[in-house]
Amino acid sequence: MRKTILTGLRPTGNLHLGHLFGAGQNYVRLQDDYEFYLEIADVQALTDNFDNPEKVRKNVYEITKDLLAIGLDPEKVNFFIQSKIPEIAELTVYYSNLVTVARLQRNPTVKTEISQKKELFGNSGESITYGFLGYPVSQAADITAFDGEVVPVGDDQLPLLEQCREIVRKFNSIYGDTLKEPEAVLSKNTRIKGLDGNEKMGKSLGNAVYLVDDEETIKKKVMGAVTDPEKIKKDDPANPDVCMVYYYHKLVNNEENINTICSECKKGSRGCVQCKKELIEAMKDFLRPIQERRKFYEENPEEVDKILQKGTEAARSKAIEQMAKVRKAMKIDY
Ligand code: TRP
């Protein structure tokens, strides 16, 4: 029997290269070998965007198109919308008895997010909502409602996985062996750097290259990239290992070009402007097949609806089955 994957994404913005090289490639690699449920986590997105429902709704479709564009096959992956599965909400309520408020407040992912969202949650988290504090409980329900065994995520999500495993153990110890403890599968590149040299690419950092970026946007971003600060003149030898342009050539260019770029840069026979122009071309070539696939779904939005509907139906029947087991174990199967 194939194992079950459950993973999710908050629909709050388009996917960027950081997502692609992290979670995205991980999903594509795993899609052949698992029963795969991919949740568009609109309920979770609302926990810190409750005042902006249009943004969440729009991004449900944006992110689904992005995921299809990177090569996820809707025949293999069940794309579903979290809010369409009421069993998740029900399970969240039962799990909320199995976790303390103090434990949620200590969750490192939650703590980091609270400190990043001061305008919403206050300077020291004094305005934190019940819903946001509880989203790890809801995420545990996301995973276990589908009997999820394998959860491909970035390392920022590990505290949420640990919290889920604790809830599972607690549930099983009280109500009898019912749920499986899920395991995380980390992406190979957990994190890629920004063109600005920041350790991380992110929307909030303002350094993201999006899968939907057009030529003009790519040009502007690449031309502003950080290069070796020691290199002053065009023919100074430089160190490619501290250059973000070289770093991105390594991500999107082919091996032969990468080797040439590296040795020319070290010798001083390559100017940064030329190197950036070549990166723009390589980035465009790299994004072209992704953008072409995306274009099909942009022109045929009814296909996206169909995919979400079909995936949501499959997810719903799985969750209904699982909830029957949960209710029986909890003696609420009236
Ligand atoms: N917390 C994840 C994020 O912020 C999204 C998510 C929701 C998720 N439900 C999940 C991830 C279940 C893994 C498993 O991107």
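The values are calculated or read from the model by the stated rules, or taken from the named source; none is laboratory data. Bear in mind the structure is a predicted one, so any value in this text is a computation, not a measurement. Here the Cβ positions follow ideal geometry from the backbone for every residue, glycine too, while neighbour counts run over all protein chains shown. These accessible areas exclude ligands, DNA and RNA; they are computed on the full protein's heavy atoms, side chains included. Shrake-Rupley method; radii C 1.70, N 1.55, O 1.52, S 1.80 Å.
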How many percent of DSSP beta bridges within the chain run antiparallel, rounded to 5? 5 percent
Per the helix-only model, the chain has a calculated mean residue ellipticity at 222 nm (DSSP H runs of ≥4, -39500 (n - 2.57) each, divided over all residues, rounded to the nearest 500) of -16500 deg cm²/dmol
Determine, from the Cβ-Cβ distance of residue 299 and residue 239 and an R0 of 56 Å, the FRET efficiency 1/(1 + (r/R0)^6), rounded to the nearest 0.05. 0.80
Amide H of residue 184 versus every other amide H placed in the peptide plane: which residues, excluding those fewer than 5 positions away on the same chain, fall under 5 Å? 151
Qualifying trypsin sites (Lys or Arg not before Pro) for the stretch 95-132 [loop in DSSP, other Cβ within 10 Å: at most 16]: 117
May I ask you to give the average projected area over all directions of the convex hull of the Cα atoms of the stretch 35-154, in nm² rounded to one decimal? 8.2 nm²
For the residue 324, residue 129 Cβ pair and Förster radius 30 Å, calculated FRET efficiency rounded to 0.05 is 0.45
With every protein chain left in place, what is the accessible area per residue of the stretch 149-197 in square angstrom, probe 1.4 Å? 46 Å²
Take the Cα coordinates of the stretch 176-290, assign each an equal point scatterer, and use the Debye formula without solvent to give log10 I(q)/I(0) at q = 0.11, 0.16 Å⁻¹. -0.41, -0.76
Return the loop-located trypsin sites (Lys or Arg not before Pro) in the stretch 123-231 (DSSP other than H, G, I, E, B) with at most 10 other Cβ atoms within 10 Å of their own Cβ; answer none if there are none. 188
From the cross-link list 3/306; 200/267; 231/266; 231/276; 65/318; 84/203, which pairs have alpha carbons spaced over 19 Å apart? 3/306; 200/267; 65/318; 84/203
At what distance in nm do the modelled label points of residue 101 and residue 263 sit from each other, each positioned 7 Å from its Cα along Cα→Cβ? 6.6 nm
Leaving ligands, DNA and RNA out of it, report the carbon-plus-sulfur percent of the accessible area of the chain at a 1.4 Å probe. 50 percent
